[in-house]
Amino acid sequence: MKALSTRMRVWWVVITIAVLVWSLLPVAAIFATSFKLPSQLDVGTFLPKTWSTTNYEQIFTGSAKDLFLPALRNSIGISLIATAVAVVLATFAAYAIARLDFPGKRLILTTALGVSIFPVISLVTPLFNLWRNIGLYDTWLGLIIPYLSLTLPISIWTLAAFFRQIPWELEQAAQVDGATPWQAFRKAVVPLAAPGVFTTALIAFFIAWNDFVYGISLTSTSRARPVPAALAFFTGASQFEEPTGAISAAAVVVTVPVVILVLLFQRQIVSGLTQGAVKG
Amino acid sequence: MTAATADVSGQVVTDKPAKGRRSDRSRSEVRLGWLLAGPAFVVMLAVTVYPIIQAFFDSLYSYRLTAPADKHLVGLHNYVVVLSDPVWWRAFGVTTFITLVTVLVEVIVGFALALVMHRAITSLRGVLRTAILVPYGIITVVSAFAWYYAFAIDSGFVNHWFDWVPGIDTNLNWFAHQGTSLFVIMASEIWKTTPFISLLLLAGLAQVPGDLEEAAQVDGATWWQRMRKVVLPNMKAAIMVAVLFRALDAFRIFDNVFIMTNGANGTTVLSLLAYRTSIGRLEIGLGSAISVLLFLCVIGICFIAIKLFKVDLASARGER
């Protein structure tokens, strides 16, 4: 690689700073807001005048505790279960699609694609009515089922793309040695496929974690309401107080773990999102 | 099973080692295939096809949850009501506007970011990719609040930072006017979803043959000429897929609007209209009609993309 001219170097530094500002400023802004004193929210500065953890106390031990903590528990539980179910189902389906020759492969992939572009709000009205009649309204199961419409299609596509790149000689070797297709799958393929499955789970979890439409439509209390929906129902300490601080603090709490996951596994996420996404 | 067929199939199908018992094998393969893929297939249909059929069925009735006994068949009357209401057409216009603007900006910004990631000098590549990926991990609702508070007249800093820009001063209430509200809503939407589009475009960039570009450079082509004649034509499929996916996603926009304006000042989008009708006013019949119409709009966008722009989704998404 030839040495860069000083001008190019300066250009790259400028570009990097621009990208950093664009990507991080909104996150930094809500982070800064979350440490502002409720009385100093309207000073109009970016950084707080006095750094305070009042807002965090409010959501963990204070008046917003009963709104935030159950929502956090619901979000984690529902998203994890919806992810697990989707990844298990998708692993089997993607293996079949990548590996076996059977009529209907195309149909399954096309269906997954169709489901992934489905307007979520179109499903909300019928589900809202049905859930109320059969008692699934405002329950975990009542959210896990529709979340599968978000997590399952992308899991199938991502995993099918991953599985196509696995060196299948190992599986064939196992079959030549007398293993059944099922044994070959379990013993030879699963260890190789694990990284792809993990990445898929991560992406599916983000999608479930991000949901808002189902969250506000199919729940009504803290029994099942996930965090994004709960944020929209936050109220201030008194009716004259804006819940800005509490919402910002809660937003930071649910953002930090996900951002850490993104940073830790960025390589896998990038390959997962683009695997076989563009082959044309 | 004759030797001749084995030879013929051996030439065509090279990755099947067991030629001897083809029909047995393929029959068990079909069974295993559906055994493995069937559950996922059935679940996908159950969570989408069934509700949309139910929605279509409900849309034919005058049906509100506040008076469930009053439910009666009205045929396509709900559709007539919706389509002859200016509220629907205004929401349709706003949604289309948001879709067009955000997708256009995102393709340009996303392409710029993809180029940056593609060409970045090694020491900066990690930092850049990390930064670009951060918005992807942020919940849309959180992004909406972050942008809302930044622009809000009481708690925001934008008015203070940019008061030198003509038209912006500390008294500007961004969420009191249609244009400024839509600006912030679209900014949040663009910020949150550009990483996805730039990753798709980055994958497309990686497919452009490097020697082709080099050859053009040796022949004296300018940067712009190389982009236009070599890079972009080779990325057409990637761009088309990215645009279609983002357009379909943008058309469903809901979270940002709900948090920032809740549809005030002419910012009601179609998803919000459907939500308000069904969940807010409990008009299941009318709400179902809007849901079905929204679904048809999405189908329409797909149809236009595939027929007019010849986006081959199946091949582009990696299917052989």
Subject >> Every residue from segment A:182-204 that is within 11 Å of chain B (Cβ to nearest Cβ) and touching a residue at least 24 places away in the same chain (Cβ under 8 Å) >> reply: A:F185, A:L202, A:I203
**OP:** Tell me which residues, restricted to segment A:29-53, are within 9 Å of chain B (Cβ to nearest Cβ) and free of Cβ contacts under 8 Å to residues at least 12 places away in the same chain.
**Re:** A:D42, A:V43, A:G44, A:T45
**OP:** Considering each residue of segment B:97-134, count those that are under 23 Å from A:Q268 (Cα atoms) and of a type in the set (F, W, Y), and give that number.
**Re:** 1
Original post:
Do we have any residue at all in segment A:246-263 that's at pLDDT below 80 and either among the small types (G, A, S) or under 30 Å from B:L201 (Cβ atoms) (or both)?
Top reply: no
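This table checks each residue for (1) surrounded by fewer than 23 Cβ atoms within 10 Å (Cβ to Cβ); (2) within 13 Å of the chain's Cα centre (by Cα); (3) in contact (Cβ under 8 Å) with a residue 24 or more places away in the chain.
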| position | (1), (2), (3) |
| --- | --- |
| B:P209 | yes, no, yes |
| B:V218 | yes, no, no |
| B:M240 | yes, yes, yes |
| B:I259 | no, no, yes |
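Conditions (1) surrounded by 16 or more Cβ atoms within 10 Å (Cβ to Cβ); (2) under 31 Å from the mean Cα position of the chain (by Cα); (3) closer than 30 Å to B:S288 by Cβ; (4) aliphatic (A, V, I, L, M), marked per residue:
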residue: B:S59; (1), (2), (3), (4): yes, yes, yes, no
residue: B:Y63; (1), (2), (3), (4): yes, no, yes, no
residue: B:W88; (1), (2), (3), (4): yes, yes, yes, no
residue: B:A91; (1), (2), (3), (4): yes, yes, yes, yes
residue: B:T102; (1), (2), (3), (4): yes, yes, yes, no
residue: B:H160; (1), (2), (3), (4): no, no, no, no
residue: B:W174; (1), (2), (3), (4): yes, yes, no, no
**OP:** Go through (1) out of contact with any Leu (no Cβ under 7 Å at 6 or more places or on another chain); (2) in a helix (DSSP H, G or I); (3) within 12 Å of chain B (Cβ to nearest Cβ); (4) not hydrophobic (A, V, I, L, M, F, W, C) one by one and return the number of the condition A:P103 breaks.
**Re:** (2)
Original post:
Going through segment A:115-133 one residue at a time, which ones are touching a helix residue (DSSP H, G or I) at 6+ places or on another chain (Cβ under 9 Å) and more than 8 Å from every other protein chain (Cβ to nearest Cβ)?
Top reply: A:S116, A:W131
Original post:
Tell me, which helices (runs of 4 or more DSSP H) wholly within segment B:61-175 include 2 or more residues that are away from chain A (no Cβ under 13 Å) and at pLDDT 90 or above?
Top reply: B:77-83, B:86-119
Original post:
How do the helices (runs of 4 or more DSSP H) wholly within segment B:215-270 filter down when requiring 3 or more residues that are touching a Ser or Thr at 6+ places or on another chain (Cβ under 7 Å): which remain?
Top reply: B:236-251, B:255-260
Original post:
For segment B:271-320, which residues satisfy the criterion of being at pLDDT below 85, part of a helix (DSSP H, G or I), more than 8 Å from chain A (Cβ to nearest Cβ) and in contact with a helix residue (DSSP H, G or I) (Cβ under 8 Å, 6 or more places away or on another chain)?
Top reply: B:A305, B:I306
Subject >> Top-ranked residue in segment A:46-61 [being of a type outside the set (D, E) and out of contact with any helix residue (DSSP H, G or I) (no Cβ under 7 Å at 6 or more places or on another chain); ranked as nearest to B:V158 (Cα to Cα)] >> reply: A:W51
Original post:
So which residues in segment B:176-211 are of a type in the set (S, T, N, Q) and either touching a helix residue (DSSP H, G or I) at 6+ places or on another chain (Cβ under 6 Å) or not in a loop (DSSP other than H, G, I, E, B) (or both), if there are any at all?
Top reply: B:Q178, B:T180, B:S181, B:S188, B:T193, B:T194, B:S198
Subject >> A:A230 farther than 26 Å from A:P26 by Cβ and either touching a His at 6+ places or on another chain (Cβ under 6 Å) or at pLDDT 90 or above (or both) >> reply: no
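The values are calculated or read from the model by the stated rules, or taken from the named source; none is laboratory data. Since we're looking at a predicted model, the values are computed, not measured. All Cβ positions, even for glycine, are placed from backbone atoms using ideal geometry, and neighbour counts span all protein chains on display.
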